[in-house]
Amino acid sequence: VIAGGEPMMRPDLFEVLEEGGRCGLDMFFCTNAVLIREENARRLADSPLRGYSISLDGPDPETHDAM
C-alpha cells in the first residue's frame, strides 16, 4: 500500500510506482485526493496500481477538520 502522509507529495511517486510494477509488486494507493489533477489522474490510471483508496474523514469541512 502506497500511503502515509500524502503520497502525491513525493516528487518521485511515478518512478516508485514504475519500479514497483517492474518488480511485480501488488500495489494499492491511499490518498486524500486533494492533489490529484487531470494529468496525474491519467498517470495513476496508467500505472501498475491494482487499486485505490480515497480517505474521507467527514461529510463536511468542520467534521473533517475535527478528526
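The values are calculated or read from the model by the stated rules, or taken from the named source; none is laboratory data. Since the model is a prediction, treat every value here as computed from it, not as a measurement. Here the Cβ is made from the backbone with ideal geometry for all residues, glycine too, and neighbour counts use every protein chain on show. Protein only, heavy atoms only, side chains kept; ligands, DNA and RNA dropped before computing areas. Shrake-Rupley method; radii C 1.70, N 1.55, O 1.52, S 1.80 Å.
So which residues in the range 23-35 are out of contact with any Phe, Trp or Tyr (no Cβ under 9 Å at 6 or more places or on another chain) and within 15 Å of Arg50 (Cβ to Cβ), if there are any at all?
Hits for the range 23-35 are Cys23, Gly24, Leu25, Asp26, Met27.
Do any helices (runs of 4 or more DSSP H) lying entirely in the chain carry at least 3 residues that are in contact with a strand residue (DSSP E or B) (Cβ under 9 Å, 6 or more places away or on another chain) and open to solvent by less than 100 Å² (accessible area, probe 1.4 Å), and which ones are they?
13-22
Among the residues of the range 18-34 satisfying the criterion of being at pLDDT below 95 and of a type outside the set (S, T, N, Q), which is nearest to Val1 (Cα to Cα)?
Within the range 18-34, the match that is nearest to Val1 (Cα to Cα) is Ala33.
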